[in-house]
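Scroll down for the structure; my scribbles are underneath it.
The values are calculated or read from the model by the stated rules, or taken from the named source; none is laboratory data. In this text the structure is predicted, and so the values were computed from the model without any measurement. Cβ: placed from backbone, ideal geometry, glycine included. Neighbour counts: every protein chain shown. SASA here: full protein model, heavy atoms, side chains in, ligands and nucleic acids out. Shrake-Rupley method; radii C 1.70, N 1.55, O 1.52, S 1.80 Å.
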Amino acid sequence: MGTAPIVKIALSGYYGFDNSGDEAVLQSILFALQEQSQAQGIQIEPIVLSANPEKTAAMYGVKAYHRMKPGSLLRALRESDGLISGGGSLLQDATSSKTIPYYLAVLKIAQWLGKPTFIYSQGIGPVSRPMFFGWIRSVFKRCAFVSVRDTESADLLGTMRLPRERITVVPDPVMGLPLREGGVGAPSEGGAAAVAVRTIGVSVRFWNEDRSELEALARSLQELLAARTDVRLRFLPFHLPSDEVASQFVIDRLGDHKSRAEMVRGITHPQDMLAQVAGCDLLIGMRLHSLIYAASQYVPMVGISYDPKIDQFLHRLGMKAAASTARFDASAFAEEALGLLDGREQWAAASRAAIEQLKAQAQLPAQRIVSFYKRSGS
């Protein structure tokens, strides 16, 4: 038998910024491509466009080029046999008007070079500037495969007049991220004596300028800790260093309960953060991927919505956000968290089928991309 054909695929996304959620997206795509390529007899060699190519190369064992240096970007695309854009919320103009032009430009350059392009489980929107509609439609029409992570993204592309039959709705790729081989959740402090301690993971970020949502969350956590003496809080910063500062902001407002909170610092590898979440009995999250990590490990979650993507993910599990950055009832939030904490096994049993389905569907984009190269004889 001959050697499996080698296909070099460039990956474009928000990689190399020490954001655990986006690093989890990259790791999940790499795992899925590896699994599907082995199943179909093709060898995939990823080339990652990163803000920190040296770190990305060392962390994942891949070739990486700088995403913002034109020479490096062109070299990566010329070397590749195709380009994957995604996943994550790449095509949105809420954080900057420069985000959409950048990611579309990378796709467009690849298309000019004659490379097949693929949209991998992206969350599309919000897009408040109509001038971007035509740009997105034009680039996406030339893509070999378009997948988005929720029906709301598909609907938005529909309003941009991209044919609905061209769009495949799949879960966020991180639903398929596994724990490390032999990996278990991070233990609570104290060894055997701490067996009875229950751990609540907390993932927060800054959003409101007046920090009102974090003030309300601190009040909720005080109520929760007062009601359950066997609970400890484990703050999990997903985007460094800003989430560490946001976590400390909340910890500093826990009053007499401050000693029952700890912060896990310096985690950048997604599987290390996944292990931390797996070791929790409940996850309170603002960061989307903190909620996805929890679901993938059958850990019940309480979501705080600052963006429609939070609501969209929770809807797929038949849940709603317990609070938002605009409306936050501290007592009601604490009550919902306690209910899920006490009913963890029931929640996991009721959610298992939906979670298993999302995990299986998370492989679909990689399967389709590898099949594309298998059919084309690369």
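Which pairs have Cβ atoms under 9 Å, sit 6 or more apart or on different chains, and link a residue in the range 135-149 that is open to solvent by 50 Å² or more (accessible area, probe 1.4 Å) to one that is among the hydroxyl-bearing types (Ser, Thr, Tyr)?
142/117; 144/117
Going by the structure shown, is residue 21 among the small types (Gly, Ala, Ser) and at positive phi? Can you show your working first?
On the way: among the small types (Gly, Ala, Ser): yes; at positive phi: no.
It is false that residue 21 is among the small types (Gly, Ala, Ser) and at positive phi.
Report the residue count in the range 176-211 for those that are open to solvent by 50 Å² or more (accessible area, probe 1.4 Å), modelled with pLDDT under 90 and assigned to a loop (DSSP other than H, G, I, E, B).
Selection size over the range 176-211: 9.
Residues in the range 323-330: is at least one open to solvent by less than 60 Å² (accessible area, probe 1.4 Å), closer than 30 Å to residue 81 by Cα and not polar (S, T, N, Q)? Show your work before the answer.
Of all residues in the range 323-330, those open to solvent by less than 60 Å² (accessible area, probe 1.4 Å) come to 323-325, 328, 330.
Within this subset, residues satisfying the condition of being closer than 30 Å to residue 81 by Cα are none.
There is no residue in the range 323-330 that is open to solvent by less than 60 Å² (accessible area, probe 1.4 Å), closer than 30 Å to residue 81 by Cα and not polar (S, T, N, Q).
Hey, could you check the range 264-287 for residues that are open to solvent by less than 10 Å² (accessible area, probe 1.4 Å) and either assigned to a helix (DSSP H, G or I) or of a type in the set (Lys, Arg) (or both) and say which is nearest to residue 346 (Cα to Cα)?
Looking at residues that are open to solvent by less than 10 Å² (accessible area, probe 1.4 Å) and either assigned to a helix (DSSP H, G or I) or of a type in the set (Lys, Arg) (or both), I get 277.
If I filter the range 248-263 down to residues being of a type outside the set (A, V, I, L, M) and assigned to a loop (DSSP other than H, G, I, E, B), which single residue comes out as surrounded by the fewest Cβ atoms within 10 Å (Cβ to Cβ)?
First, pick out the residues of the range 248-263 that are of a type outside the set (A, V, I, L, M): 248-249, 252-253, 255-260, 262.
Add one more test, that the residue is assigned to a loop (DSSP other than H, G, I, E, B), and what stays is 252-253.
Working: 252: 11, 253: 17.
It comes out as 252.
Would you mind finding the one in 61, 41, 71 that is more than 20 Å from the chain's Cα centre (by Cα), farther than 27 Å from residue 289 by Cα and free of Cβ contacts under 8 Å to residues at least 60 places away in the same chain? Even if it seems obvious, please write down each step before you answer.
Values: 61 fails: farther than 27 Å from residue 289 by Cα; 41 fails: free of Cβ contacts under 8 Å to residues at least 60 places away in the same chain.
Answer to the check: 71.
Listed here are the residues, each with its yes/no results for (1) surrounded by 16 or more Cβ atoms within 10 Å (Cβ to Cβ); (2) assigned to a helix (DSSP H, G or I); (3) of a type in the set (A, V, I, L, M).
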residue: 46; (1), (2), (3): yes, no, no
residue: 59; (1), (2), (3): yes, yes, yes
residue: 64; (1), (2), (3): yes, no, yes
residue: 76; (1), (2), (3): yes, yes, yes
residue: 84; (1), (2), (3): yes, no, yes
residue: 87; (1), (2), (3): yes, no, no
residue: 94; (1), (2), (3): no, no, yes
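With in contact with a helix residue (DSSP H, G or I) (Cβ under 9 Å, 6 or more places away or on another chain) and not in a loop (DSSP other than H, G, I, E, B) as the only criterion, which of 245, 302 stands out? Outline the logic, then answer.
Values: 245 fails: in contact with a helix residue (DSSP H, G or I) (Cβ under 9 Å, 6 or more places away or on another chain).
Matching residue, one of 245, 302: 302.
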